[in-house]
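Enquirer: Structure provided below as structure tokens; questions to follow.
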Amino acid sequence: MGDRRKSLENIIHSLLKDSGFLVHYDRRVLKFHGKKYNIRPDCCYVFQDRVIVFEYERSKRPVESISKYWWLFERTDWLSNNIPLYCVVFLGGGALKNDIRVESVVILGEELERKYPEMFRFFWFREDEVCESELKDFLAGLLK
């Protein structure tokens with residue numbers, strides 16, 4: 001795991017530690033109301049009124065980070081939970097070496113957001129361009 005990823009994780013954990021989440025876990029199968037969904041977010045916070053997942057993508061295939069949410073919404077009963085899912089993707093390393101890789105993530109994320117406007121929110125950042133103060137403001141906005 002890269003230093004930048006660990007730094008982002010630490011910032012997010014420290015900013016959300018007193019945010020009122022019900023459950024937090026890292027790199028475990030997504031669970032909601034006792035049901036397991038066959039995906040593993042890098043980081044997940046379950047709140048009373050939303051689920052926020054974070055993906056830290058440095059591979060040459062970053063589209064895998066967002067495509068699993070396409071699968072979640074299209075191929076499982078996730079929508080029956082009636083809880084919005086906010087997906088935040090940080091792209092770095094190999095994920096940024098080709099514009100088509102970034103564009104693929106953005107296209108799928110935005111398409112999911114258009115298809116499920118009340119249930120899915122998508123955000124992405126270049127991990128080397130986001131600072132702690134921006135993250136703090138962004139997370140405060142997410143929690144409103």
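The values are calculated or read from the model by the stated rules, or taken from the named source; none is laboratory data. Please read all numbers here as calculations on a predicted model, not as lab measurements. Reconstructed Cβ throughout: ideal geometry from the backbone, glycine too, with neighbour counts over all protein chains shown.
Enquirer: If I filter segment 92-108 down to residues being out of contact with any helix residue (DSSP H, G or I) (no Cβ under 7 Å at 6 or more places or on another chain) and of a type in the set (A, V, I, L, M), which single residue comes out as surrounded by the fewest Cβ atoms within 10 Å (Cβ to Cβ)?
Expert: Ile100
Enquirer: Limited to segment 9-28, what total is found for residues that are of a type in the set (Ser, Thr, Tyr) and touching a residue at least 60 places away in the same chain (Cβ under 8 Å)?
Expert: Final tally of qualifying residues: 1.
Enquirer: Do we have Phe73 as modelled with pLDDT of 95 or more and either part of a loop (DSSP other than H, G, I, E, B) or surrounded by fewer than 20 Cβ atoms within 10 Å (Cβ to Cβ) (or both) here?
Expert: Spelling it out, Phe73 is indeed modelled with pLDDT of 95 or more and either part of a loop (DSSP other than H, G, I, E, B) or surrounded by fewer than 20 Cβ atoms within 10 Å (Cβ to Cβ) (or both).
Enquirer: For residues that are of a type in the set (A, V, I, L, M) and within 17 Å of the chain's Cα centre (by Cα), scanning just segment 97-108, find the one that is modelled with the lowest pLDDT.
Expert: First, the residues of segment 97-108 that are of a type in the set (A, V, I, L, M): 100, 102, 105-108.
Remaining after also requiring within 17 Å of the chain's Cα centre (by Cα): 102, 105-108.
On the way: Val102: 85, Val105: 91, Val106: 92, Ile107: 93, Leu108: 95.
Per the stated criteria, the residue is Val102.
Enquirer: Sticking with this structure for a sec: Could you tell me how many of the residues in segment 109-138 are part of a helix (DSSP H, G or I) and surrounded by 17 or more Cβ atoms within 10 Å (Cβ to Cβ)?
Expert: Qualifying residue count for the region: 3.
Yes or no, residue by residue, for (1) more than 22 Å from Cys131 (Cα to Cα); (2) assigned to a loop (DSSP other than H, G, I, E, B):
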residue: Arg5; (1), (2): no, no
residue: His13; (1), (2): no, no
residue: Phe21; (1), (2): yes, yes
residue: Lys31; (1), (2): yes, no
residue: Ile39; (1), (2): yes, yes
residue: Tyr45; (1), (2): no, no
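Enquirer: For Arg114, only one of the following conditions fails: (1) charged (D, E, K, R); (2) more than 22 Å from Leu143 (Cβ to Cβ); (3) at pLDDT below 95. What is its number?
Expert: (3)
Enquirer: From the list Val46, Val89, exactly one residue is of a type in the set (Val, Ile, Thr) and either without any contact (Cβ under 8 Å) to a residue 12 or more places away in the chain or buried (at least 22 other Cβ atoms within 10 Å of the Cβ) (or both). Which is it? Steps first, please.
Expert: Working: Val46 fails: either without any contact (Cβ under 8 Å) to a residue 12 or more places away in the chain or buried (at least 22 other Cβ atoms within 10 Å of the Cβ) (or both).
Unique residue meeting the criteria: Val89.
Enquirer: Taking Asp26, is it among the acidic types (Asp, Glu) and surrounded by 12 or more Cβ atoms within 10 Å (Cβ to Cβ)?
Expert: Yes; evaluated as a whole, the condition is true for this residue.
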